[in-house]
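Colleague: Quick one: the structure is below, questions incoming.
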Amino acid sequence: MLKVGLTGGIGAGKSEVSRLLGAYGAVIVDSDKIAREVVEPGTPGLAAVVAEFGPGVLTPEGALDRPGLGAIVFADTARLSALNAIVHPLVRDRAAELEAAAGPDAVVVHDVPLLAENGLAPLYDLVVVVDASTDTRLDRLVRLRGMTPDEAHARMAAQATREQRLAVADLVIDNDGPLEELEPRVRAVWEELCRRSGGR
């Protein structure tokens, strides 16, 4: 098994790279997706969040009110730490389950937005960074995601710098251009991952 960490700054195109790698045959372990799953209604994770933050973080239907919880935790680092202490171990355990089920010959790609920020590079056999210039990312966030320039700058500033991400990279996928240029670059990285995993 080859364990790969995949990361990239907001707007760099990491999600598209993850989708392509999955289409080629990688087993994708998506931290953001798992983080949503572990606090779905009826889960111990949601019960723990409600015990910590109170029933006010639920919607009338009993689901987690993400914007409401976000307003609490992003304004208070202690509350954010409390939330992370609940969610992160659950995400880690579920990711380990998915990895174990993948089989010994699999290329397992962990899609981890905050890999550089949280010092997670040593957990993987190698790290792939999806890279794009600040101007390109800003344009995508404003044009494609509907953010204001100020919102986009704030989101980008809250993450690791481009240099910090590149410092932990074993392989870099340049995604500064149009989508049609991305696919062959991802294909080349996939072939390299297969070669490093002993061929598939």
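The values are calculated or read from the model by the stated rules, or taken from the named source; none is laboratory data. For clarity, every value in this text was computed on a predicted model and none was experimentally measured. Cβ atoms come from the backbone with ideal geometry, glycine included; neighbour counts cover every protein chain shown. For accessibility, only protein heavy atoms count, side chains too; no ligands or nucleic acids. Shrake-Rupley method; radii C 1.70, N 1.55, O 1.52, S 1.80 Å.
Colleague: So which residues in the stretch 9-24 are hydrophobic (A, V, I, L, M, F, W, C) and either touching a residue at least 60 places away in the same chain (Cβ under 8 Å) or touching a strand residue (DSSP E or B) at 6+ places or on another chain (Cβ under 6 Å) (or both), if there are any at all? Steps first, please.
Modeller: As a first pass, look at the stretch 9-24 and keep what is hydrophobic (A, V, I, L, M, F, W, C): 10, 12, 17, 20-21, 23.
Across the stretch 9-24, the qualifying residues are Ile10, Ala12, Val17, Leu20, Leu21.
Colleague: Of Glu163, Glu191, Glu151, Glu183, which residue is open to solvent by 80 Å² or more (accessible area, probe 1.4 Å), in a helix (DSSP H, G or I) and within 18 Å of Leu21 (Cα to Cα)?
Modeller: On the way: Glu163 fails: within 18 Å of Leu21 (Cα to Cα); Glu151 fails: within 18 Å of Leu21 (Cα to Cα); Glu183 fails: open to solvent by 80 Å² or more (accessible area, probe 1.4 Å).
Testing whether each residue is open to solvent by 80 Å² or more (accessible area, probe 1.4 Å), in a helix (DSSP H, G or I) and within 18 Å of Leu21 (Cα to Cα) leaves just Glu191.
Colleague: Select the helices (runs of 4 or more DSSP H) contained entirely in the stretch 25-92, then report the ones holding at least 2 residues which are free of Cβ contacts under 8 Å to residues at least 12 places away in the same chain and over 21 Å from the mean Cα position of the chain (by Cα). If you could, list the steps in order and put the result at the bottom.
Modeller: Numbers: elements: 31-37, 44-53, 66-73.
Because the criterion is at least 2 residues that are free of Cβ contacts under 8 Å to residues at least 12 places away in the same chain and over 21 Å from the mean Cα position of the chain (by Cα), the helices (runs of 4 or more DSSP H) in the stretch 25-92 that meet it are 44-53.
Colleague: Only one of (1) aliphatic (A, V, I, L, M); (2) open to solvent by 60 Å² or more (accessible area, probe 1.4 Å); (3) in contact (Cβ under 8 Å) with a residue 24 or more places away in the chain; (4) closer than 30 Å to Pro44 by Cα fails for Val172. Which number is that?
Modeller: All conditions pass for Val172, except number (4).
Colleague: From the list Ala95, Ala157, exactly one residue is under 15 Å from the mean Cα position of the chain (by Cα), under 30 Å from Phe53 (Cα atoms) and among the small types (Gly, Ala, Ser). Which is it?
Modeller: Details: Ala157 fails: under 15 Å from the mean Cα position of the chain (by Cα).
Answer to the selection: Ala95.
Colleague: Could you please give the count of residues in the stretch 12-24 that are touching a helix residue (DSSP H, G or I) at 6+ places or on another chain (Cβ under 7 Å) and either assigned to a strand (DSSP E or B) or at negative phi (or both)? Don't jump to the end; show me each part of the working.
Modeller: Going through the stretch 12-24, the residues touching a helix residue (DSSP H, G or I) at 6+ places or on another chain (Cβ under 7 Å) turn out to be 12-13, 16-17, 20-21, 24.
Within this subset, residues satisfying the condition of being either assigned to a strand (DSSP E or B) or at negative phi (or both) are 12, 16-17, 20-21, 24.
Going through the stretch 12-24 one residue at a time, the tally reaches 6.
Colleague: Return the total of residues in the stretch 101-147 being of a type in the set (D, E, K, R) and surrounded by 14 or more Cβ atoms within 10 Å (Cβ to Cβ).
Modeller: We begin by selecting, within the stretch 101-147, every residue of a type in the set (D, E, K, R); these are 105, 111, 117, 125, 131, 135, 137, 139-140, 143, 145.
Keeping just the survivors that are surrounded by 14 or more Cβ atoms within 10 Å (Cβ to Cβ) gives 111, 117, 125, 131, 137, 139-140.
Number of matching residues: 7.
Colleague: Can you pull out every residue in the stretch 53-64 that is among the aliphatic types (A, V, I, L, M) and open to solvent by 40 Å² or more (accessible area, probe 1.4 Å)?
Modeller: Leu58
Colleague: Output the number of the condition that Val50 fails; it satisfies all remaining conditions of (1) farther than 23 Å from Leu115 by Cβ; (2) open to solvent by 60 Å² or more (accessible area, probe 1.4 Å); (3) not polar (S, T, N, Q).
Modeller: The failed condition is (2).
Colleague: Looking only at the stretch 1-15, count every residue that is at pLDDT below 95 and open to solvent by 40 Å² or more (accessible area, probe 1.4 Å) and tell me the total.
Modeller: So the answer is 2.
Colleague: Please go through the stretch 31-77 and give me each residue that is under 30 Å from Val107 (Cβ atoms), touching a Gly at 6+ places or on another chain (Cβ under 9 Å) and not aliphatic (A, V, I, L, M), ordered by number.
Modeller: Glu37
Colleague: Here is a follow-up. Name the residues in the stretch 107-138 that are assigned to a helix (DSSP H, G or I) and free of Cβ contacts under 8 Å to residues at least 24 places away in the same chain, would you?
Modeller: Those that are assigned to a helix (DSSP H, G or I) and free of Cβ contacts under 8 Å to residues at least 24 places away in the same chain: Pro122, Asp135.
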